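The values are calculated or read from the model by the stated rules, or taken from the named source; none is laboratory data. Here the structure is a predicted model, which is why all the values come from computation and not from measurement. Cβ: placed from backbone, ideal geometry, glycine included. Neighbour counts: every protein chain shown. Ligands, DNA and RNA are excluded from the accessible area calculation, which covers all protein heavy atoms including side chains. Shrake-Rupley method; radii C 1.70, N 1.55, O 1.52, S 1.80 Å.
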Amino acid sequence: MKYLIGNWKSNYTIEEAQHWIEAVKKTLPDTHPDLTTVICPGFHHLLLFKLNLPGQTLGAQTISAFPPGTYTGQIAATNLRKLVEYVIVGHSERRTWAKESNSDVANQVTQALDNHITPIIAVDNDNWFSQLSILSSEELTASLIMYEPPEAISRPDGGVGSGEAAPKVEVVKAITAIKQEFSAKGFIYGGSVKSHNLSEFLSDPNIDGVLPGSASLKADEWVKMVLLANQVLVTGH
Ligand code: PGA
């Protein structure tokens with residue numbers, strides 16, 4: 001199984017999301033049976049997707065570390081049951097801006113798995129060992145691990161990030177090192193993945209998927225990436 005996961009971050013109004021859905025709907029090809037495509041829009045767009053693009057697998061970008069209850073402003077995993085199949089946890093942006101700790105991420109993983117939602121656990125180049133060693137092997141084997149060096153993230157609005165994907169040799173090296181210590185359902189690369197470099201990463205046998213952020217916001221670019229991912233599965237490149 002290969003994964004193509006789009007992370008919308010905090011982009012798009014309802015109207016903009018509607019335009020994206022309408023544009024994609026017209027041109028989206030059937031996906032290869034061994035390809036899972038997931039869109040992770042903001043929480044406020046999830047129902048819109050469910051109603052207007054019902055075949056699309058959905059993910060959330062974070063989840064509450066707490067069970068449902070008196071946690072104003074939190075979205076609990078139970079709230080998202082049957083709405084999303086995946087959730088990104090521990091994204092470097094959340095570790096930085098929302099000050100999420102490794103134990104917060106561990107609690108999010110527990111909440112997600114208790115509600116049949118697959119965690120996509122984001123780790124970075126320097127801290128992956130401590131970020132993952134807090135989790136049990138049962139939790140990790142039920143999760144995807146997403147390797148993403150923060151400096152490889154596209155930041156059109158400024159901040160740390162080059163907009164250049166990490167070199168594939170370095171990604172393979174990091175993923176191989178992580179695999180020597182931890183088992184998971186799959187190992188994914190994120191950081192400036194776009195249609196021009198998607199096949200390079202996705203065709204590598206060490207890499208089970210890619211997670212484009214900014215590129216997933218453009219409807220035509222998303223469709224192009226789905227076509228390229230299909231092609232990788234058929235031809236191997
Ligand atoms: P990017 O974002 O593809 O825009 O670099 C990826 C991510 O940070 O999730």
statement: The one condition ILE175 fails out of (1) under 22 Å from LYS9 (Cα atoms); (2) open to solvent by less than 40 Å² (accessible area, probe 1.4 Å) is (1)
- request: Any chance you could count how many residues in the range 87-105 are open to solvent by 20 Å² or more (accessible area, probe 1.4 Å) and in contact with a Gly (Cβ under 7 Å, 6 or more places away or on another chain)?
  value: 1
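The rows are residues; the columns are (1) in contact with an Asp or Glu (Cβ under 8 Å, 6 or more places away or on another chain); (2) not small (Gly, Ala, Ser).
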| residue | (1), (2) |
| --- | --- |
| ALA98 | no, no |
| GLN111 | no, yes |
| ASP114 | no, yes |
| ILE121 | no, yes |
| ASP124 | yes, yes |
| GLN131 | yes, yes |
| ILE145 | no, yes |
| GLU151 | no, yes |
- prompt: What single numbered condition from (1) closer than 26 Å to GLY90 by Cβ; (2) open to solvent by 40 Å² or more (accessible area, probe 1.4 Å) fails to hold for ALA17?
  reply: (2)
Evaluation of PHE182 against (1) under 17 Å from the mean Cα position of the chain (by Cα); (2) modelled with pLDDT of 95 or more (one fails), failing number: (1)
Inter-residue pairs, beta-carbon under 6 Å, first without any contact (Cβ under 8 Å) to a residue 40 or more places away in the chain and in the range 72-100, second open to solvent by 30 Å² or more (accessible area, probe 1.4 Å) and within 16 Å of the ligand (Cβ to nearest atom), 6+ apart: GLU100/ARG94
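In this structure, does VAL226 turn out to be free of Cβ contacts under 8 Å to residues at least 12 places away in the same chain and more than 15 Å from the ligand (Cβ to nearest atom)? Before the answer, list the steps.
Working: free of Cβ contacts under 8 Å to residues at least 12 places away in the same chain: no; more than 15 Å from the ligand (Cβ to nearest atom): yes.
It is false that VAL226 is free of Cβ contacts under 8 Å to residues at least 12 places away in the same chain and more than 15 Å from the ligand (Cβ to nearest atom).
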message: For the list (1) more than 23 Å from ILE145 (Cβ to Cβ); (2) without any contact (Cβ under 8 Å) to a residue 60 or more places away in the chain, I need the number of the one condition that TYR12 fails.
response: (2)
query: Only one of THR27, THR36, THR62 is under 19 Å from LYS224 (Cβ atoms), crowded, with 17+ Cβ neighbours inside 10 Å and touching a residue at least 24 places away in the same chain (Cβ under 8 Å); which?
result: THR36
- request: Please enumerate the residues belonging to the range 206-217 that are open to solvent by 10 Å² or more (accessible area, probe 1.4 Å), closer than 24 Å to GLU22 by Cα and either among the aliphatic types (A, V, I, L, M) or more than 11 Å from the ligand (Cβ to nearest atom) (or both).
  value: LEU217
